[in-house]
């Protein structure tokens with residue numbers, strides 16, 4: 001029998017396999033078969049640990065991949081948001097700049113109304129290229145009716161006067177220029193003097209009598225004398241006042257201009273002197 | 001033999017864990033059939049039948065099918081493919097695709113017939129058209145590609 005089986009083993013393989021499968025199915029079809037259940041149990045037991053491991057590994061890989069994809073997406077979003085923030089910051093900065101400019105121009109117009117004269121707002125487009133003079137270049141000239149000796153102010157106070165006029169630009173001599181001289185008066189004591197610039201960039205108040213009542217902190221305004229600067233424009237305040245001990249006839253007084261000449265952006269050119277009845281003398285200077 | 005068992009284990013794992021995610025319209029490829037097909041191209045009919053029996057048993061254990069259903073089917077398929085591979089040219093892409101598709105269809109038909117006999121019967125024509133045929137095509141496409149990558153030599157070495 002064994003010899004017969006061995007002899008026909010090749011032929012018997014398929015029928016045996018089919019028969020076994022058929023028997024297994026038959027056993028299960030009739031009722032619950034212990035043989036089939038046991039076989040299934042063995043097969044599942046042999047594969048289930050690896051199956052669990054594979055599923056776990058696949059899940060971990062899928063999770064890592066999803067996290068990687070999320071990370072890439074977050075990175076892209078981050079770049080986009082950074083770009084958006086940059087643009088928004090630029091816009092905010094621009095708006096802030098516009099607001100500041102609007103505020104400055106508004107103050108200039110307020111001053112124009114107070115002075116009661118026609119005025120032209122101009123942008124500062126250049127500053128003096130040497131250390132010997134204190135002048136600025138503005139973007140309004142003869143085409144806007146600007147002429148020499150017109151007063152130039154900011155919302156804070158006096159800036160200077162127009163000294164050169166071109167077609168579309170004009171040069172303004174600041175009150176800190178060493179060749180500048182402005183008739184001023186001490187607002188509190190009404191003492192008259194001359195505000196003159198110096199090479200060092202400070203403003204000296206000249207020709208104040210020795211006995212004149214001048215104190216540190218006193219406000220200085222234009223006196224209106226000389227016909228160039230309208231009366232009452234704030235110039236600055238006294239920061240140092242002294243009486244020379246020997247031989248001098250006048251006090252030595254130094255003033256700090258209200259206008260910040262290092263940060264001038266817009267100025268206003270007063271096209272004619274104000275009416276004589278309008279006085280700034282009793283008013284506080286603008287902040 | 002060890003290589004075959006490793007391939008069988010890997011197929012079990014892939015079929016259970018990965019392949020369901022590749023299902024298109026609920027139809028998934030049959031990696032067990034691809035494994036048997038690759039093996040049958042190089043092995044003798046008897047060995048292919050025995051391998052089909054073992055592969056089928058594992059497939060049955062991993063599915064809700066009655067134990068022996070796929071064992072029966074794959075034994076027969078293994079035997080027939082091995083026999084046919086000696087009669088027809090199976091080295092080119094198209095021939096292999098056609099034979100694998102035929103094996104898939106035959107597998108579906110036998111399974112349906114056995115289910116009709118032993119288990120809950122299913123409508124034969126619609127099951128063949130909407131389940132067996134798409135499954136066979138999907139399996140044939142994937143199997144042909146896989147076998148082209150792995151090369152026939154790889155499958156030939158599985159049982160040695």
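Throughout, read-outs are computed from the coordinates displayed, never taken from laboratory work. All values derive from a computational prediction rather than experimental measurement. Cβ coordinates were reconstructed from backbone atoms using ideal geometry, including for glycine residues, and neighbour counts include every protein chain displayed.
Helix B:45-62 and the longest principal axis of the C-alpha atoms of chain B enclose an angle of approximately 50°. Placing pseudo-labels 7 Å out from each Cα toward the beta carbon at residue A:147 and residue A:79 gives an inter-label distance of 6.4 nm.
Springs join every pair of Cα atoms under 10 Å in this Gaussian network model of chain B, and among B:16, B:51, B:43 the largest mean-square fluctuation is at B:16. Structural descriptor for chain A: relative contact order 15 percent, calculated from alpha carbon pairs under 8 angstrom and at least 6 residues apart. The mean number of Cβ atoms from other chains found within 10 Å of a Cβ in peptide B:62-69 is 6, as a whole number. Take the Cα radius of gyration of the stretch B:2-159 and divide it by 2.2 N^0.38 Å, N being the number of residues; the result is 0.95. Can you tell me the orientation of helix A:9-30 relative to chain A, as the angle in degrees between its alpha-carbon axis and the longest Cα principal axis, to the nearest 10? Orientation of helix A:9-30: about 80 degrees from the principal axis. The mean number of Cβ atoms from other chains found within 10 Å of a Cβ in peptide A:48-58 is 4, as a whole number.
Ratio of Rg to Rh for the protein assembly as shown, alpha carbon only, Kirkwood? Reported Rg/Rh, Kirkwood definition of Rh: 1.68. Divide the volume of the convex hull around the Cα atoms of the stretch B:1-45 by the residue count and you get 69 Å³ per residue. Out of every Cα-Cα pair that the stretch A:116-270 contains, those further apart than 29 angstrom amount to 17 percent. For the options B:117, B:72, B:53, a Gaussian network treatment of chain B with springs between C-alpha atoms closer than 10 Å singles out B:117 as fluctuating the most.
Taking the Cβ-Cβ separation of residue A:92 and residue A:139 as r and a Förster radius of 22 Å, what is the calculated FRET efficiency to the nearest 0.05?
So the FRET efficiency works out to roughly 0.25.
Hull volume per residue, based on the alpha-carbon atoms of the stretch A:1-84 and their convex hull, is 191 Å³. Round to the nearest 10 and give me the degree value, 0 to 90, for the angle of helix B:93-118's Cα axis relative to the longest principal axis of chain B. Once rounded, the angle reads 40 degrees.
Ellipticity at 222 nm from helices only: DSSP H runs of n ≥ 4 in chain B, each -39500 (n - 2.57), divided by the residue count, give -24000 deg cm²/dmol.
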